[in-house]
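Just below is one structure, and these are the notes that go with it.
The values are calculated or read from the model by the stated rules, or taken from the named source; none is laboratory data. Source: prediction; values computed, not measured. Counting neighbours? That spans all protein chains shown, and the Cβs are built from the backbone with ideal geometry, glycine included.
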Amino acid sequence: MKTLSIALSIGLMLGTPALTQTAPAQTEPAASATPAPAARSTMIDKLINLPFVQNWSTWGLTPNPTPHDAQGVTGGKALTIDVKQAGDPWSVGAVMPNSGAIKAGDVLLLGVWVRASRLPEGQTETRMPVILLEAQGEPKVALAQAGNVAVGEAWTMLYASGVAAKDVAAGQSSIILQMGQAVHTLELGPALLFDFGPDYDRARLPQNP
């Protein structure tokens, strides 16, 4: 299936864990779902940002966290978001600049690696209220977004997608996460932003469960 191939490509091209929790049910033999090296190369060509953990900046945390070693995630680094008091979702967050240019009509897919190392008391999962790619300046323009996405204790890629409503110059958009609504501890890995160009069928993109 096309959506399964894209999800696996995102994981395999950078050596990330399998995306079994986000891929749709498989209806073809397993061998046919594994993308060839050329397919992975194509996905790399569509990557338009610098996805590394050190490019995250945070707000609402004291002190500001710094990247640390982490197992099971691309690059082996993560950023700890330790929310000690529940508040508004936007009271604690993280932002990563996007260095790539975007054209109006382009189909965009954002994937962010996240896991919960501490869940809200009595809960089996927590939530990411906002996953957003936003054009800078006024008025604010959402280019890709998702909300209220479940996060568990295993590394999971959370997705947001959208169609760009306007041209955005290189360096003039940002990936934004909001996480302040619950007492929990999240680990952030890389954030990968793909531009599929115009007229791409969004139904082919991987989805959050």
Scanning the stretch 76-106 residue by residue, those of a type outside the set (D, E, K, R) and touching a Gly at 6+ places or on another chain (Cβ under 7 Å) turn out to be Ala78, Val83, Gly87, Pro89, Trp90, Ser91, Val92, Gly93, Pro97, Ser99
Going through the stretch 163-177 in order, the residues found to be part of a loop (DSSP other than H, G, I, E, B) and of a type in the set (A, V, I, L, M, F, W, C) are Ala164, Ala165, Ala169, Ala170
Within the stretch 138-162, of all residues that are out of contact with any Leu (no Cβ under 7 Å at 6 or more places or on another chain), of a type outside the set (Gly, Ala, Ser) and not in a loop (DSSP other than H, G, I, E, B), the one surrounded by the fewest Cβ atoms within 10 Å (Cβ to Cβ) is Asn148
task = Could you tell me whether the stretch 25-47 includes any residue that is in a loop (DSSP other than H, G, I, E, B), out of contact with any Pro (no Cβ under 9 Å at 6 or more places or on another chain), of a type in the set (Val, Ile, Thr) and modelled with pLDDT under 95?
result = yes
Restricting the stretch 163-207 to residues that are touching a Leu at 6+ places or on another chain (Cβ under 9 Å) and among the polar types (S, T, N, Q), the one surrounded by the most Cβ atoms within 10 Å (Cβ to Cβ) turns out to be Ser173
Within the stretch 124-149, residues being at pLDDT 95 or above and over 19 Å from Leu109 (Cβ atoms) number 5
Condition set assigned to a strand (DSSP E or B) and touching a Lys or Arg at 6+ places or on another chain (Cβ under 8 Å), scope the stretch 86-137, selection nearest to Pro65 (Cα to Cα): answer is Glu134
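Here is a yes/no grid of residues against (1) out of contact with any strand residue (DSSP E or B) (no Cβ under 6 Å at 6 or more places or on another chain); (2) of a type outside the set (A, V, I, L, M, F, W, C); (3) closer than 24 Å to Leu205 by Cα:
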{"site": "Ile81", "(1), (2), (3)": "no, no, no"}
{"site": "Asn98", "(1), (2), (3)": "no, yes, yes"}
{"site": "Ser117", "(1), (2), (3)": "no, yes, no"}
{"site": "Gly137", "(1), (2), (3)": "yes, yes, no"}
{"site": "Ala144", "(1), (2), (3)": "no, no, yes"}
{"site": "Trp155", "(1), (2), (3)": "no, no, yes"}
{"site": "Tyr159", "(1), (2), (3)": "no, yes, yes"}
